[in-house]
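Chemist: To start, I am sharing the structure in question, which I have written as structure tokens.
The values are calculated or read from the model by the stated rules, or taken from the named source; none is laboratory data. Being a predicted model, the structure only gives us computed values, none of them experimental. A quick note on method: Cβ atoms are made from the backbone with ideal geometry, for glycine too, and the neighbour counts reach across all protein chains shown. Heads up: the accessible areas ignore ligands, DNA and RNA and are worked out on the full protein's heavy atoms, side chains in. Shrake-Rupley method; radii C 1.70, N 1.55, O 1.52, S 1.80 Å.
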Amino acid sequence: MLQIYNTLTRQKEYFRPIHEGHAGMYVCGPTVYGDAHLGHARPAITFDLLYRYLLHLGYKVRYVRNITDVGHLEHDADEGEDKIAKKARLEQLEPMEVVQYYTNRYHRDMEALNVLPPSIEPHASGHIIEQIAFVQKILDKGYAYVSDGSVYMDVEKYAKDYPYGKLSGRNLEDIVTDTRELDGQSEKKHSYDFALWKKAAPEHIMHWPSPWSEGFPGWHMECSTMGTKYLGEEFDIHGGGMDLMFPHHEAEIAQSCAALGHESVHYWMHNNMITIAGKKMGKSYNNFITLEQFFKGEHELLSKPFAPMTIRFFILMAHYRSTVDFSSEALEAAEKGYARLQEAYNRLQKLQAGAETSVEVSGLREKCAEAMDDDLNSPIVLQHLFDSARAINTVYDGKGSISAADLDELRKVWKDYAVDILGLRLEEQGAGDENRKAFDGAVDLLLDIRLDAKRNKDWGTSDRIRNALTELGFKIKDTKEGYEWSL
Ligand code: ZN
């Protein structure tokens, strides 16, 4: 049975959905004002893994991942320019052009990483009416106040009735010391109050009418509103990166409790961060590498381009709650590991069944399930797959055998766990793709000609083919049967 770590209770809990057979999950998506970087790949892949596993377990899953296209200000604490509006101003574009442009590019990057699209992908700007209604509910319950056209959460009042800070493990005093004291001009009662609705300054280009002012919703508002709109007042899982725990998710809890009188989320899940040479990733550190730069190898910290599946494999090699430190060397090691997995998968498809099984393959499915059930332990699943790769290689090299029934089951486990659950595109190396077939056929033909040349002692032709292919990046291995090649 699936157990997941609940950030709220700080322990692993059995997943018991609200509606039997159904699972509702909400994950904070990107703010679309720039290209997705490695830091975006981790939550996307982590919750894709969860989504895929819930589907594998037979749940009907409604997966909501939002697009933040309004209200996320430059400084998370209700200050600075809207990130989208700023980009639009600098590039002289309509804000929605910025949103569409980066949303398309985000989708393209997610497709490359084999991240499945969510069931619903709502935009904050498409849910202004619902957000206004949600703010009104909080005002009606007395946990918010209007100040000069803006609406703020009254955190002090809220904290008297509900524990504020319980998700991130902070108490109000910590928050007071952590929050920068505002100058006397502030319209907030306390520095830790957060905006539910902001009155737009005259130069602000994204604004909507509301009962309080022409303005826009506070950043935290969209997730409370869209989560409950599409998944119900109470739903199963809310996910996101650890960096969102405070203030974003803490504020979401407060908004739900204030408006509805109870919490909305049963299981809070957070993935850990990716660091680069031990440092947080950020535009100011010059270690901010977009996914496109990874795929093309266009960054000074990268030794070469890295395929999307190498990035996916690299992220899955660590448990989602542990930190991952990126370096070009670490990615090169992941690339080699992935190539070994790919080779084992290709060989598995070619294996011939024997009369009996002499290699160790029993219990693989159970072991993989046990690892996934243990809070999505993908590195252990990979370890089990690598163990079985050894058995595959033994049979492939003629040093062992596998029965028809065991071979069939082994192929099914690899399909279920490596391809469907871990989401590794191992199958695309196989037949089915016409281009790939033609390409493979042409390389085989060249190597057949080389084999003939060798038999005829025509070393000139043989070397010429080998050298030319090697130059193009092919690896050619001479074997008893003839040859093996890979790119
Ligand atoms: Zn969110």
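Chemist: Hey, could you grab the Kirkwood Rh for segment 166-317? Inverse mean 1/r over distinct alpha carbon pairs, Å, one decimal.
Modeler: Working: mean 1/r = 0.0527 Å⁻¹.
Value: 19.0 Å, from the Cα pair sum.
Chemist: In nm, what is the difference between 0.36 nm times the number of residues separating residue 22 and residue 405 and their Cα-Cα distance? Before the final figure, lay out the partial values.
Modeler: Working: separation 383, 0.36 × 383 = 137.88 nm, distance 3.32 nm.
Result: 134.6 nm gained on full extension.
Chemist: Something else now. What is the sum of charges, Lys and Arg at +1 and Asp and Glu at -1, for the other residues whose Cβ falls under 14 Å from the Cβ of residue 253?
Modeler: Taking every Cβ under 14 Å from that of residue 253, the sum is -4.
Chemist: Where the accessible area of the chain is counted over protein heavy atoms with a 1.4 Å probe, how much of it, in %, is carbon and sulfur? Can you show the working numbers first?
Modeler: Numbers: 11360 of 22730 Å².
Of all accessible area on the chain, carbon and sulfur atoms account for 50 percent.
Chemist: With θ set to phi - 60° and the Karplus curve 6.51 cos²θ - 1.76 cosθ + 1.60, what are the ³J(HN,Hα) couplings of segment 119-130 in order, to the nearest whole Hz, using x for Gly and Pro?
Modeler: Karplus values, whole Hz, x for Gly and Pro: 5, 9, 10, x, 9, 4, 5, x, 10, 5, 4, 5.
Chemist: A follow-up question, please. Equivalent ellipsoid semi-axes for segment 3-271, as square roots of 5 times the alpha carbon gyration tensor eigenvalues: give them largest first, rounded to whole Å.
Modeler: The three semi-axes for segment 3-271 are 28, 24, 16 Å.
Chemist: Would you mind checking 304/480; 12/280; 198/279; 399/477; 60/367; 86/189 for any pair whose Cα atoms are more than 22 angstrom apart?
Modeler: 304/480; 12/280; 198/279; 60/367; 86/189
Chemist: Also, I was wondering about something else. Does segment 324-454 classify as rounded, prolate or oblate by the C-alpha gyration tensor (a ≥ b ≥ c root eigenvalues; a/c under 1.5 gives rounded; else a/b over b/c gives prolate, otherwise oblate)?
Modeler: Because a/c hits 1.5 or more and a/b fails to exceed b/c, segment 324-454 counts as oblate.
Chemist: Could you rank 268, 208 by how accessible they are, 1.4 Å probe, largest area first? Mind dumping the intermediate values first?
Modeler: Numbers: 268 5, 208 65 Å².
If we order 268, 208 from most to least accessible, we get 208, 268.
Chemist: Additional query: List the chymotrypsin sites (Phe, Trp or Tyr not before Pro) within segment 359-427 that fall in a DSSP loop (any state other than H, G, I, E or B) and whose Cβ has at most 10 other Cβ atoms within 10 Å.
Modeler: none
Chemist: Largest first and in whole Å, give the semi-axes of the chain's equivalent ellipsoid, each being the square root of 5 times a Cα gyration tensor eigenvalue.
Modeler: Ellipsoid half-lengths, sorted descending, are 51, 26, 18 Å.
Chemist: Provide 228, 323 ordered by accessible surface of protein heavy atoms (probe 1.4 Å), highest first.
Modeler: Ranking 228, 323 by accessible area, largest first, yields 323, 228.
Chemist: Hey, if you drop one equal point scatterer on each alpha-carbon of segment 434-486 and run the Debye formula without solvent, what base-10 log of I(q)/I(0) do you get at q = 0.20, 0.25 Å⁻¹?
Modeler: Debye curve over Cα of segment 434-486, log10 I(q)/I(0) at q = 0.20, 0.25 Å⁻¹: -0.69, -1.02.
Chemist: So what is the 222 nm mean residue ellipticity for the chain from helices alone, if each DSSP H run of at least 4 adds -39500 (n - 2.57) and you divide by all residues, rounding to the nearest 500 deg cm²/dmol?
Modeler: About -13500 deg cm²/dmol.
Chemist: When you take every Cα atom in segment 275-356, what is the radius of gyration, and what is Dmax, the widest Cα pair distance, in Å?
Modeler: Both quantities, over Cα of segment 275-356: 16.3, 62 Å.
Chemist: For residue 37, what residues show an amide H to amide H distance below 5 Å, using hydrogens built from the backbone and excluding near sequence neighbours?
Modeler: 291
Chemist: Cross-link candidates for residue 296: which aspartates and glutamates have Cα within less than 17 Å, leaving aside residues fewer than 8 places away along the same chain?
Modeler: Candidates past the 8-residue exclusion: 35, 109, 111, 329, 332, 335.
Chemist: Further question: What's the extension gain from residue 321 to residue 486 if we count 0.36 nm per residue and subtract their Cα-Cα distance?
Modeler: 55.9 nm
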